[in-house]
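See structure below.
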Amino acid sequence: MLVLGIESSCDETGVALVRDGRLVAQQLATQIAAHAVFGGVVPEIASREHLRLLPGLCRTLFAESGVAPTDLEGIAVSRGPGLLGGLLVGVAVAKSLALATGAALVGVDHLMAHLLAPRLEQGLLFPAVGLLVSGGHTHTYRLRSAVAFELLGRTLDDAAGECFDKVAKRLNLPYPGGRRIDELADRAEPDPNLFPLAYVDNQSLDFSFSGLKTAVMTYVDAHPELVRPHMDAGEAARDSHLARVCASLNFVIGETLRIKVRRALARVPEARALVVAGGVAANSRVRRVMAELAGEHGLRLVMPSLPLCTDNAAMVAAAGEVLLAHGLRHGLDLDAVPRGRKIPWDFVA
Ligand code: KG4
Ligand code: ZN
């Protein structure tokens, strides 16, 4: 099946073509430069950028792949969770193309798309435990199949990615901060006792990262020399104290995820695989910890390569193809769902 995927839920504008589980072509335009000056994503700017970029990206995608819009059998779009303005732009483009071409429309849960992304590289294996770690979410799931997910644990406050991003902003590191912290962390050994492991001395599968964020902020306040007056990545790279702080943050987040995912695995003894996805799955420490956990439990580790971890349209097309293959699609009344609201199971036959 030939499916077009559209991604516009945050600050990456993407379109991609997937055919029978293989990526045919994709176009991805990052908005980092537009938001960097504000140190974070500005929703209104993001939606205007999606609107400006999507038509050109579609034209280039079709021209470079030799695919005609009328060849499309399915059109998949991230319908949420995400920033509402951006989602509305993507959903409107998807509906227009579906109406013009007659292809089947399907709205995709952005988080499900992250978890299904590895199908483009290594295939999937179920049942599995899924860890979704991104800028807005830290979730664990029991994955019964590619279309049957059960939420096991979630963050009670900040997501792991948000903790990385807010700390990076306080340190005046260039946006987006998670990747910068990870790069700096590579230059030092962590101090395991510098920051607390939060919300682990219980039986809960839920996460809490706001206390850790506050602990790091408090430490930075007490050591103002850590904060770069200018966003100078080169100068930051020479600061060994900063590197140790970053390595220690990487360490605590990695260990917190290890404890909670181990707990989730104990609740899903039938699991055959551990799926790790979302932007923070690009983190070097998180990748190492999850590889160790999978090894410890004799599970197949299903984890996308770095470009497939962060937001992209290939994962949306890949997830859309799975839904369509299960006979699940939407009508032209498909709604976008903002962050914080549950994605409804409102497919039409
Ligand atoms: O999945 P994603 O691209 O967007 C959302 O759906 O949120 O995730 C973005 C998040 C940001 O918080 C970003 O800082 C984080 O992923 N991130 C990382 C790394 N690369 C991206 N965090 C830690 N280490 C990284 N290497
Ligand atoms: Zn995402």
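The values are calculated or read from the model by the stated rules, or taken from the named source; none is laboratory data. The shown structure was predicted, so the numbers you read here are calculated from the model rather than taken from an experiment. In this analysis, Cβ positions are derived from the backbone assuming ideal geometry, glycine residues included, and neighbour counts consider all displayed protein chains.
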* Within the range 116-135, work out how many residues are more than 11 Å from ligand 1 (Cβ to nearest atom) and within 22 Å of Pro344 (Cβ to Cβ). => 2
* Pair list, Cβ < 8 Å and 6+ apart or interchain, from the range 209-226 residues that are aromatic (Phe, Trp, Tyr) to residues that are surrounded by fewer than 18 Cβ atoms within 10 Å (Cβ to Cβ) and not in a helix (DSSP H, G or I) -> Phe209/Asp157; Tyr219/Leu194
* Asked: Scanning the range 99-114 for residues that are among the β-branched types (Val, Ile, Thr) and closer than 23 Å to Pro81 by Cβ, which turns out farthest from ligand 1 (Cβ to nearest atom)?
  -> Val106
* **Residue identified as under 24 Å from Ala36 (Cβ atoms), at pLDDT below 95 and within 16 Å of ligand 1 (Cβ to nearest atom) among Ala243, Ala236** => Ala236
* Give me the pairs, please: first residue somewhere in the range 16-32 and assigned to a strand (DSSP E or B) and among the basic types (Lys, Arg), second residue anywhere and surrounded by fewer than 18 Cβ atoms within 10 Å (Cβ to Cβ) and at pLDDT 95 or above, beta-carbon distance under 6 Å, and either six or more positions apart or on two chains. => Arg19/Leu2
* Structure fact -> When (1) more than 8 Å from ligand 1 (Cβ to nearest atom); (2) crowded, with 20+ Cβ neighbours inside 10 Å are applied to Leu151, the one that fails is (2)
* Quick check: is even one residue across the range 214-234 closer than 22 Å to Arg262 by Cα, more than 16 Å from ligand 2 (Cβ to nearest atom) and surrounded by 20 or more Cβ atoms within 10 Å (Cβ to Cβ)? -> no
